[in-house]
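Some notes on the structure that comes next.
The values are calculated or read from the model by the stated rules, or taken from the named source; none is laboratory data. Since we're looking at a predicted model, the values are computed, not measured. When we count neighbours, we look across all protein chains shown, and the Cβ atoms used for this are built from the backbone with ideal geometry, even at glycine.
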């Protein structure tokens, strides 16, 4: 614990840095695609590595610092080749699948769906009961997020295969049936993805507001604020 009472890598400063890195990745990736410059791609990927290692770095784990240094050196070296841009094709496929797996495994027998656990925590803070109808809804919503994330990863995989001249198919000398440029891939993978996720969240929130008018938050902003107040320990345990 730090002097302020926060675990290393989980205080307000760490949260701000996580948000900055999360927002910086699609921007840097998009710039790399527009300019077709490997060092921009390397910068985007280094930021992603830093985001993933932030907690052990804050705890001064030697292996994390060594991994960051090695990854930075490798990515800077690859920045002068087409491999740097090709590596950008992976995160829009891999990360949605990882999150989808987190949702999916919580739906297995004997497990509590992720959305159900979040709702239970929010309602417990307000001393409000979670009805059976709400529990059924949150289970179905968890399954819906699995479907949305798998769909997103599938679309991004198709785009990664179709990208030219450095896409997955082109790398093996196969001409894609529907080729897309770096710029077209980036608009979909770095911009449209967020629109799809945001649109689904907004639609679901509107439906939830109609189905469950009695809830412990006033609006979407208050909902996000209360989710943040659940604390780092809750979110760390939730995603394990």
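Screening region 118-130 for residues that are touching a residue at least 40 places away in the same chain (Cβ under 8 Å) and assigned to a loop (DSSP other than H, G, I, E, B) and picking the one that is surrounded by the most Cβ atoms within 10 Å (Cβ to Cβ) gives 128. Residue selection: residue 22 satisfies the criterion of being within 19 Å of the chain's Cα centre (by Cα) and either touching a residue at least 60 places away in the same chain (Cβ under 8 Å) or more than 14 Å from residue 183 (Cα to Cα) (or both).
Residue by residue, here is whether (1) surrounded by 13 or more Cβ atoms within 10 Å (Cβ to Cβ); (2) closer than 30 Å to residue 142 by Cβ holds:
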| site | (1), (2) |
| --- | --- |
| 55 | yes, yes |
| 65 | yes, no |
| 72 | yes, no |
| 76 | yes, no |
| 79 | yes, no |
| 88 | yes, yes |
| 93 | yes, yes |
| 108 | no, yes |
| 112 | yes, yes |
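If you scan region 29-45, which residues turn out to be surrounded by fewer than 20 Cβ atoms within 10 Å (Cβ to Cβ) and part of a helix (DSSP H, G or I)? 31, 34, 35, 39, listed by residue number. Being at pLDDT 90 or above and part of a helix (DSSP H, G or I) is a condition met by no residue of region 9-16.
Residues checked against (1) more than 25 Å from residue 131 (Cβ to Cβ); (2) outside any loop (DSSP other than H, G, I, E, B); (3) touching a residue at least 24 places away in the same chain (Cβ under 8 Å); (4) over 18 Å from the mean Cα position of the chain (by Cα):
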| position | (1), (2), (3), (4) |
| --- | --- |
| 197 | yes, yes, yes, no |
| 200 | no, yes, yes, no |
| 205 | no, yes, no, yes |
| 210 | no, yes, no, yes |
| 213 | no, no, no, yes |
| 216 | no, no, yes, yes |
| 221 | no, yes, no, yes |
| 235 | no, yes, no, no |
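Selection of region 40-63 for residues being under 15 Å from residue 18 (Cβ atoms), in contact with a helix residue (DSSP H, G or I) (Cβ under 8 Å, 6 or more places away or on another chain) and free of Cβ contacts under 8 Å to residues at least 24 places away in the same chain yields only 53.
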